[in-house]
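One structure below.
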Amino acid sequence: LVVYGQVSVDEFTGGYKMVAETVYSIEQAREAFADAAMISIDGTTTDLSTIESLAEVLGSAPPGECRVLARYIGNNGEGCFELNNGAGIRLTDELRASLRTLLGDDCIRITYRKNPAIVSDDSVESAA
């Protein structure tokens, strides 16, 4: 459970209080706050069929606000580039599991934004 809202000093108790704006499940929070997913690709151990499978996995991902970046490391160099022509994806648990199955448990790093993106999932509850 993730609660997004405003924290302020509670003048009555001297502690802190929070006014919740939105309540998210962990998956909803990951989707709403994920800014970029960095996928590591080891060129020394990744073959063409794995790259084709990666393209299928990313191509079937639902559209969203999370950018997809690839960090390629090979024998002759390395580089970082944006995938999906800059189109964002929804970083679902299912997608993360597919990427980990395909490229290994440590293949993905997620960076998060401070404010949530607009979430189209009607199951996100507003606390207002």
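Please work out if ARG100 is basic (Lys, Arg) and either out of contact with any strand residue (DSSP E or B) (no Cβ under 8 Å at 6 or more places or on another chain) or open to solvent by 80 Å² or more (accessible area, probe 1.4 Å) (or both).
no
Could you tell me whether ALA97 is in a strand (DSSP E or B), out of contact with any Phe, Trp or Tyr (no Cβ under 9 Å at 6 or more places or on another chain) and either among the polar types (S, T, N, Q) or at pLDDT 90 or above (or both)?
So ALA97 fails the test.
Just one of (1) touching a Gly at 6+ places or on another chain (Cβ under 9 Å); (2) under 25 Å from THR111 (Cβ atoms) trips up ASP35, so point out which.
(1)
With respect to ARG71, is the statement that it is in contact with a Cys (Cβ under 7 Å, 6 or more places away or on another chain), open to solvent by 60 Å² or more (accessible area, probe 1.4 Å) and not in a strand (DSSP E or B) true? Write out each step before concluding.
Values: in contact with a Cys (Cβ under 7 Å, 6 or more places away or on another chain): yes; open to solvent by 60 Å² or more (accessible area, probe 1.4 Å): yes; not in a strand (DSSP E or B): no.
No: the conditions fail for ARG71.
Examine the range 80-88 for a residue that is assigned to a loop (DSSP other than H, G, I, E, B) and in contact with a Cys (Cβ under 7 Å, 6 or more places away or on another chain), and state whether such a residue exists.
Yes: the range 80-88 contains one or more residues that are assigned to a loop (DSSP other than H, G, I, E, B) and in contact with a Cys (Cβ under 7 Å, 6 or more places away or on another chain).
Taking the stated definitions as given, is ARG90 without any contact (Cβ under 8 Å) to a residue 60 or more places away in the chain, open to solvent by 70 Å² or more (accessible area, probe 1.4 Å) and touching a helix residue (DSSP H, G or I) at 6+ places or on another chain (Cβ under 7 Å)?
Yes, satisfied.
Within the group ASP93, ASP105, which residue is charged (D, E, K, R) and under 14 Å from GLN28 (Cβ atoms)?
ASP93
If only one of TYR112, TYR24 is within 13 Å of the chain's Cα centre (by Cα) and of a type in the set (Phe, Trp, Tyr), which one is it?
TYR112
The values are calculated or read from the model by the stated rules, or taken from the named source; none is laboratory data. The model shown is predicted, which means the values in this text are computed figures rather than measured ones. In this analysis, Cβ positions are derived from the backbone assuming ideal geometry, glycine residues included, and neighbour counts consider all displayed protein chains. The accessibility values were calculated without ligands, DNA or RNA, using every heavy atom of the protein model including side chains. Shrake-Rupley method; radii C 1.70, N 1.55, O 1.52, S 1.80 Å.
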